[in-house]
Amino acid sequence: MKHDKQDSTTLETPSHPIAGATILTPLLVIAAALVFTGIRLVQDRSEGVGVAIILGTLLCTIITLIGFFVVAPNTSVVLVFFGKYRGTARKEGFYWCHPFTSRHKISLRANNLASDTIKVNDLYGNPIEIGAIVVWKVTDTAKARFDVEDYEHYVQVQIEAALRELAKTHPYEQHAGNGEETPDPNTISLRSDSEAISKELTLQLQKRLERAGVEVLEARISHLAYALEIASAMLQRQQAAAIISARRLIVDGAVGMVEQALDDLKNRGVLDLDDERKATMVSNLLVVLCSQAAPNPVINTGGIYN
């Protein structure tokens, strides 16, 4: 068993137990021979010796059979002999070890864990609900068995801790916060930058789960929403932001169209307006282009200045 002097962690060492077939076949032959001998002694009126041989053979056979174990694909068996770590058997097959050796099976398969939805505050102090799905597997069986009390429960607790740390260092969405007029373009939001958030969550979890010998294969946010107490207010804010954005786009387009219309009228020599009449036409065109309702045209039967 190896130890890291800095944090006293246990490192996995390979174990090479005896192949089970090399022990099972001689055991059965010897046990059958001894039982047959005991039966013959009983028949020859040596009941005491014969019974003792039979009972001793059965007892030794049962004790020896306890030492057999199987390593299935993508599983491992941690061997502990009288409190001392004797290595980990990873290669699949049928094996035998000392009958008094404790054997602890640990799966090496990938595990898919969906965390509970927790309520936390984001970077701006807004209460949000967040949950994650994490894919992980055990890579160091010695750490998983000896360095933490229950590695599966340890993974669950660390996922919750990592989610809380992640949420309080990022905003829910990329909008102005703390009275700012415009959002910071370098801010990574939980809602919009999913790939960056997944990478950061994976790195955080990997650091936390290193002690348990666990490798994080993937971590993604599975649930993200404002808390119920502010959900309606934030929905109104999102709707207002969408309306403002749409209005800005409409106004920008209308200004471009009016500018192009005035230039075309002037370049083609259709009419030449003074500044006051240009202002009136621009006003009318902007009202028509930006209005949500259909315009009602008014026909001027007089001159342009009447």
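Values as computed for the structure displayed
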quantity	calculated
In the stretch 189-203, the residues that are modelled with pLDDT of 85 or more and not hydroxyl-bearing (Ser, Thr, Tyr)	Leu190, Glu195, Ala196, Ile197, Lys199, Glu200, Leu201, Leu203
Meets criteria (surrounded by fewer than 20 Cβ atoms within 10 Å (Cβ to Cβ), in a strand (DSSP E or B), of a type outside the set (Ser, Thr, Tyr) and within 15 Å of the chain's Cα centre (by Cα)) for Lys137	yes
Residue in the stretch 77-89 that is under 27 Å from Lys143 (Cβ atoms), surrounded by fewer than 13 Cβ atoms within 10 Å (Cβ to Cβ), at pLDDT below 90 and not hydroxyl-bearing (Ser, Thr, Tyr) present	yes
Subset of the stretch 31-62 (residues that are more than 54 Å from the chain's Cα centre (by Cα), of a type in the set (A, V, I, L, M, F, W, C) and within 22 Å of Pro99 (Cβ to Cβ))	Ala32, Ala33, Leu34, Val35, Ala52, Ile53, Ile54, Leu55
Residue satisfying all of: in the stretch 102-119; of a type in the set (Ser, Thr, Tyr) and under 30 Å from Glu92 (Cα atoms); surrounded by the fewest Cβ atoms within 10 Å (Cβ to Cβ) among these	Ser102
Residue within the stretch 69-91 that is small (Gly, Ala, Ser), within 29 Å of Val214 (Cα to Cα), touching a Gly at 6+ places or on another chain (Cβ under 9 Å) and not in a helix (DSSP H, G or I) present	no
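Each row is one residue, and each column tells you yes or no for (1) at pLDDT 85 or above; (2) touching a strand residue (DSSP E or B) at 6+ places or on another chain (Cβ under 6 Å); (3) under 16 Å from Ala142 (Cβ atoms).
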| position | (1), (2), (3) |
| --- | --- |
| Met1 | no, yes, yes |
| Asp7 | no, no, yes |
| Ile18 | yes, yes, no |
| Ile23 | yes, yes, no |
| Val51 | no, no, no |
| Asn74 | yes, no, no |
| Trp96 | yes, yes, no |
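The values are calculated or read from the model by the stated rules, or taken from the named source; none is laboratory data. This is a predicted model, so every value here is computed, not measured. Positions of Cβ are backbone-derived with ideal geometry, glycine not excepted, and every protein chain shown enters the neighbour counts.
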